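Some notes on the structure that comes next.
No value in this document is a laboratory result; all are computed from the given coordinates. Every value quoted in this text rests on a predicted model; they were computed, and no experiment measured them. As a convention, Cβ positions derive from the backbone with ideal geometry for all residues, glycine included, and neighbour counts pool all protein chains shown.
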Amino acid sequence: MPADSHVGTDVFDRILSASGPLVALQAGDTHQLIDQFRLVARRTGQAVYLWRHAEGLASLRDAQMRVPGCTRLGDALRYISQSLHFGVYLLDMPPGPPSATDGALLRQLARAQTGHVRRVVLMGASPTLLATFEDDIIRVDADWRARSAAPRLRDGRWVV
């Protein structure tokens with residue numbers, strides 16, 4: 001993936017414009033993409049969080065800010081479901097199937113209707129996990145080579 005920050009911005013825009021709250025992100029290099037999302041969060045002031053096993057839920061905008069009590073996936077999912085604010089939550093999914101409780105919480109988030117934009121983004125989710133959500137999950141491909149070559153208007157300029 002090129003170091004072009006517009007790729008991260010483009011993927012972030014596609015996540016925000018997804019038709020549902022649960023998004024499966026297909027990306028080759030998630031570390032570079034997370035770095036680009038961190039830049040987007042700092043530049044725009046958006047509430048973007050990253051959950052990782054053993055690290056918990058942390059803000060990408062302010063690297064020092066960790067959400068207390070959200071070390072386990074289930075706790076982070078409960079926090080997300082109770083949040084009344086805009087937010088993009090990147091979940092670096094651990095290998096293997098989630099527990100029954102975590103799966104139920106993810107299904108609940110997938111069907112939740114809120115008055116604000118909330119996106120729960122599954123990164124590195126197994127194909128079997130994604131298959132359990134059927135039509136409740138939106139897939140976003142972060143591979144810049146897979147994007148269509150149709151020009152789009154961005155900030156008054158046409159980009160391909």
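Under the classification rounded if a/c is under 1.5, otherwise prolate if a/b is larger than b/c and oblate if not, where does the range 55-118 fall, given a ≥ b ≥ c as square roots of the Cα gyration tensor eigenvalues? Don't skip to the answer; put the middle values down first.
Numbers: a/c = 1.94, a/b = 1.08, b/c = 1.80.
Note, shape of the range 55-118 comes out oblate.
Which value, in debye to the nearest 20, gives the size of the charge dipole of the range 1-148 about its Cα centre, when Lys and Arg are +1 and Asp and Glu are -1 at the Cβ?
Working: 16 positive and 15 negative charges, 74 e Å.
The dipole magnitude comes to about 360 debye.
Between Y49, Y79, Y89, which gets the highest mean-square fluctuation from a Gaussian network model of the chain, Cα cutoff 10 Å?
Y79
Using a cut-off of under 11 Å, list every residue of the range 13-54 whose amide N is near the label point 7 Å from the Cα of F86 along the Cα-to-beta-carbon line.
44-48
Calculate for the chain the 222 nm mean residue ellipticity that helices alone would give, adding -39,500 (n - 2.57) per DSSP H run of length 4 or more and normalising by residue count, nearest 500 deg cm²/dmol. Present the calculation step by step, with values, prior to reporting the outcome.
Values: 5 runs with 54 residues, N = 160.
Helix-only estimate at 222 nm: -10000 deg cm²/dmol.
Please list, in order, the residues from the range 74-98 whose amide nitrogen is less than 18 Å from a point placed 7 Å along the Cα→Cβ vector of T44.
Under 18 Å, as judged by backbone N against the label point of T44, lie 85-91 of the range 74-98.
Based on C-alpha coordinates, I'd like the Rg and Dmax of the range 5-159, in Å.
Considering the range 5-159 through its Cα atoms, Rg and Dmax are 15.1, 47 Å.
Mark the label point 7 Å from the Cα of T101 along Cα→Cβ and return the residues of the range 59-81 whose backbone N is within less than 13 Å of it.
Those under the cut-off are 70-79.
Using a simple spin-label model with points 7 Å from Cα along the Cα→Cβ vector, what separation in nm is obtained for H116 and R157?
According to this spin-label approximation, the distance is 3.3 nm.
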